[in-house]
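The values are calculated or read from the model by the stated rules, or taken from the named source; none is laboratory data. Quick caveat, the model's predicted, so the values are computed rather than measured. Note that we place each Cβ from the backbone using ideal geometry, even for glycine, and neighbour counts take in every protein chain shown.
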Amino acid sequence: MHGKKMNMLGINMDCLSYDDMYPIFDEWLSDKNSRSHTLALVNVNACVSALFDKELRAIYNSADIAGIDGMPFLRWARAFYYKESDRFYAPDLMLEIGTKAKEKNYTFFLYGGASDAPDKIEEYLIECCEGIRVVGKHSPPFQPLAEQEDQAICDMINSAKPDFLWVGLGAPKQEVWIHQHREKIRGSIIIGSGATFDFFAGKVKQAPEFIRNLGFEWLFRLFQDFRRLWVRYIVYSAIFLVVFPLQLLRIVKFDDRDCRITRSESG
């Protein structure tokens, strides 16, 4: 359904272009009473995190689309799988979809970030994307929600009927939340948005485009917050550089069949 698959440490990633994704999105959005569909964005940190957590690997593999995030993955996909592949990087993806909002009448809901982040992101999107409509915003508390509180949030989102629900809770918390809620929230496309909420709310400086295109955004972010990010960008990258060649040589084999979470396809 979604073109060629690329397996990275047991996660089956979809090699897609932006042109490929819009017909898929429009098909999903044609039934606003169905369960929501999910788009996971997979980078090196996600792959290594899932290497140590089979439940998380199962969540990534049960996403409706597991998009390629990260320039090394994108170059590999274009070289060996599908030369038209695009990078599914949350900040670029939000703006890309936002530019189609007027033409396709897409609506957004922003869920996550600091208390003022959704308002600031809405202001930013209105400036960048003509005709965009943000039909709802909510910044949840950091502590776990009671069942009644969680249901109230689901009711709020369902009442707004957004086409795209952007979830900025940080990885992997947001991936777990999305997986748990895609049956509760109807007719939306749910996308984990990671640091996008911090970037677009002006809380964290995003790497310049030329640095992102070179594949060195990780280094830019590491210099910004070494204490918090050194494990992610140094240790996890080193683990990937060891394990991935072993996968290529078939010394280490990954099979997602034993860790895939079965999802209901019923409306």
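Among the residues making up the stretch 74-117, a single one is within 11 Å of Val134 (Cβ to Cβ), in contact (Cβ under 8 Å) with a residue 60 or more places away in the chain and touching a Leu at 6+ places or on another chain (Cβ under 6 Å): Phe109.
Restricting Leu41, Leu56, Leu29, Leu16 to those that are surrounded by fewer than 21 Cβ atoms within 10 Å (Cβ to Cβ), within 16 Å of the chain's Cα centre (by Cα) and among the hydrophobic types (A, V, I, L, M, F, W, C) reduces the list to Leu56.
With the condition kept exactly as written, say whether any residue in the stretch 133-148 is hydrophobic (A, V, I, L, M, F, W, C), in contact with a Lys or Arg (Cβ under 9 Å, 6 or more places away or on another chain), surrounded by fewer than 18 Cβ atoms within 10 Å (Cβ to Cβ) and within 25 Å of Gly202 (Cβ to Cβ). Yes - at least one qualifying residue is present in the stretch 133-148. Selection of the stretch 102-115 for residues being on the phi < 0 side of the Ramachandran plot, modelled with pLDDT under 95 and in contact with a Ser or Thr (Cβ under 8 Å, 6 or more places away or on another chain) yields Ala114, Ser115.
The test for being in contact with a helix residue (DSSP H, G or I) (Cβ under 9 Å, 6 or more places away or on another chain) and either free of Cβ contacts under 8 Å to residues at least 60 places away in the same chain or surrounded by 17 or more Cβ atoms within 10 Å (Cβ to Cβ) (or both) does not hold for Ile24.
Checking each residue in the stretch 141-190 for being part of a helix (DSSP H, G or I), in contact (Cβ under 8 Å) with a residue 60 or more places away in the chain, of a type in the set (Val, Ile, Thr) and closer than 24 Å to Lys120 by Cα picks out only Ile178. I'm trying to understand the selection: among the residues of the stretch 83-108, which are within 20 Å of Glu27 (Cβ to Cβ) and either in a strand (DSSP E or B) or in contact with an Asp or Glu (Cβ under 6 Å, 6 or more places away or on another chain) (or both)? Matches in the stretch 83-108: Phe88, Tyr106, Thr107, Phe108. Condition test on Phe164, is it buried (at least 17 other Cβ atoms within 10 Å of the Cβ), under 23 Å from Pro91 (Cα atoms) and at pLDDT 95 or above? Yes: the conditions hold for Phe164.
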